[in-house]
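No lab work stands behind these numbers, since they all come straight from the coordinates. In this text, all values refer to a predicted model and were calculated from it rather than measured experimentally. Positions of Cβ are generated from backbone atoms using ideal geometry, with glycine treated the same way; all protein chains shown enter the neighbour counts.
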Amino acid sequence: MSHGVHTTKDGDQRARVVATFMIGFAGIGIWWPILGSGVLWGVVMLAVAAWLIVRGPAPRSPRFQIALAAAWPVWIVLAVLLAGLPPSVFSFGALGNTKDELLRGLFELRQAGGSDSWSLAAWLAGSGAAWFFGGIQASRPNRSSVALAFFMLAVPFAMALLLQRAEDAPWHGAVILAGALLWATRSELRAALPAIAAVAVVGLVVSALIGPSERAFSLNGVQPPSGSTGLNSDQTYGPMRGDQSGATMFEITSPKGGLWRMETLSWFTGRGWSIGPREPKDLPQPAAVATTTRVRIVDLRDDRVAAPGRIESAVSAGRGQAQPVRGEAAAFPAAPTKGDTYTVISEVVDPPRAKLERIAVPADPQYAPFTHLVGVSPVDPAIRSIRFGNATNDARWEQVGALARQLAAGTTSQLEIVERVESYLVDSGRFRYSLKDVPPAGNDPLVDFLTVSRVGYCQHFAGAAALLLRMAGVPTRVVVGFATGTPKSSDSYEVLDEEAHAWIEVYFPGAGWVPFNPTPPDAQAQIDPEVGVTPPASKPDPIGADDQSPLTGALVLAVLAVIGLLALAWQRLRRPHDAGPLGEVLVRLVPAPAGPAMTLTELRADLIKIGPAVAALAEQAEWQRFGTSSVPPERHPGRRVLRALLSDIGPLGTAKLLILGPGRRPVIDEEAAAAIAASVAPPGASTAPPGAA
């Protein structure tokens, strides 16, 4: 009967551990598009929760209870470091500000701006606490605690739904349902698998059919009509409306992947980017290479030409020759329809990185049209008298100007400034990619994006990057068109409606216009990684208060690894064994016998190989087990063995033995076992306890 009860308990634990990870990963997945891949650090606390469940009801040991109480404050510190914040936030003078920033980050999780490192730190701290205390509750035997544990484990998922932060979550709900069934079935895991699979499949299908999905870029800014549609290049900077169908717009044949541009936006109005009332003069592109591409229309209705660079000529068999239009584009007299094809020859600039690294920010007046802002000629380095629409001497414009100067400070090339801006927008953790969780566009949407909301899609990221670069004196413009798309062969790409995209081009004297994509990889648009400039081996660090040391993550991982190894070593010393209080520890120090059972006396030869201090403990363990004296057993024999090991083989040898184990003994027959026992038995072994008078 006891065996059956034990099996049921083990089944409960296995089922609930699996369910814990299912529920936890659903919560991580639903927050990933909002906070980025940093949410994966939550797996640490999921593992802790699983360990608590396996360990069973918490013992009443005061030290263990103290360790549990200390775990939550320790996790807060780890959460802040894992979110990418520097250790200096825990200095004595910064503690007050750290507390305020954590509270702000927690509050901003329900707002559009909850995207920086503090928001991630607050999420990690809160979710980790929920999972930690959920694991404690699940380890208790009463049903009410187990039920409460399930709801605590599901807190991060529920938070996303309550705060309306679930942008695209068809599979998360299915996983939660499956985890709930698994949690409830406990040891009946095998019988529950068909029901779990059915619920997961049904939940996934239903959620995918009726749930929301993201748009990558506005096609005409509204719900696309049935049939073909065109690309609206207007930069609206507001929430996206409607959903895309994933329809193929066109197929393009090209020697290599590219960004298929259809229009350039060189005019900054103060509110955003557009085609200006007069277009600046074309700049030379000495490093450009003439490239021929072929486009076959599938479902795109647009008279403008898609090409990987500045268009030299475009000819369609049924539409004739395309004519130049504003925005450095070319257009046919009538939009090509499904099945039409056209051939484009364009100038593609793809210089080696080494060449661009030697080019400084140009000072020639011919580049001024691409460094000016409206009303400023050129941009005042101090940004003291900017007048854009209703924004007059706005402090936020001062802030953006200061940011541009800070990003450019100490650089030796134009490329370095560009990559700093890219890193600031994409890699610093301050900004979040989203299509619909975007505030309505105000008078200064790009300034709002950089200083307040910090959430947007490709229009925001490309527009903000161009603004910062122009303020730093770098000739820049915004480009709209389509991303690379899905490769169909070595030189053919299928481009969907969700590939519609915005990016920037930067002019390098001696080379030409070079594309850069300052939008996070969360966007649905698929871009060939070889497009543009190859990134450096290590990206430039973000600036400001969110600076993170490259060693912080490695240091935290190393600390966690050491803690885990120490815990494993301690568990090996404390693991139950039938040999007795001291013997149970000593037996674990020698190779596991694969043949007949061996006594401590028979294994003394192995213990002697470790060292004299450990071997001396074997005789004492033998006396404790079989002696007639009323010597009380030790409460902590593991500590005594640990001291003996440290004395005999030192810290490194002790760690190696405890963590890796002693291995296994080769299988031997009974006659060989008897011979070994006779050879290692000490002559004239005394039956008195060691040290007895």
Amide H contacts under 5 Å for Asn232, placed H, 5+ residues apart: Asn220, Gly221
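Run the dipole for the stretch 391-458 about the Cα centre, Lys and Arg Cβ at +1, Asp and Glu Cβ at -1, nothing else charged, and hand back the magnitude in debye, nearest 20. Display every interim value, and only then the final one.
Values: 7 positive and 9 negative charges, 30 e Å.
The dipole of the stretch 391-458 has a size of about 140 debye.
Counting other C-beta atoms within 10 Å, and keeping those with at most 11, which DSSP coil GluC sites (Glu not before Pro) do you find in the stretch 458-507? Before the final figure, lay out each step's value.
Working: sites: Glu494, Glu498, Glu499, Glu505; in loops: none.
Taking the stretch 458-507 and a limit of 11 other Cβ atoms within 10 Å, no loop GluC sites (Glu not before Pro) are found.
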Can you tell me how the stretch 424-470 classifies by the Cα gyration tensor, rounded, prolate or oblate, using a/c under 1.5 as the rounded cut? oblate
How long is the gain from Leu646 to Asn97 if the chain were fully straight, where each residue apart is worth 0.36 nm and the alpha carbon distance is subtracted? 193.2 nm
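Tyr237: net charge of surrounding residues, Cβ under 12 Å, Lys/Arg +1, Asp/Glu -1, itself excluded? It would help to have the intermediate numbers written out before the result.
Working: positive: Arg271; negative: Asp234, Asp444, Asp448.
Summing Lys and Arg as +1 and Asp and Glu as -1 gives -2.
When a/c reaches 1.5 or more, the comparison of a/b and b/c decides; with that in mind, is the stretch 386-477 rounded, prolate or oblate per its Cα gyration tensor? Could the numbers behind the result be given before it?
Details: a/c = 1.98, a/b = 1.22, b/c = 1.61.
Judged from the Cα gyration tensor, the stretch 386-477 comes out oblate (a/c at least 1.5, b/c at or above a/b).
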Once you order the gyration tensor axes a ≥ b ≥ c over the Cα atoms, which shape class does the stretch 226-295 get: rounded for a/c under 1.5, otherwise prolate or oblate by comparing a/b with b/c? oblate
Long-range amide H partners of Glu312, meaning residues 5 or more apart or on another chain whose placed amide H is closer than 5 Å, are Ile345, Ser346, Glu347
What spacing in nm lies between the two simple spin-label points modelled at Asn443 and Asp528, each 7 Å away from Cα in the Cβ direction? 4.5 nm
Mind giving me the nanometre distance, one decimal, between the label points for Arg278 and Lys656, set 7 Å out from Cα along Cα→Cβ? 8.0 nm
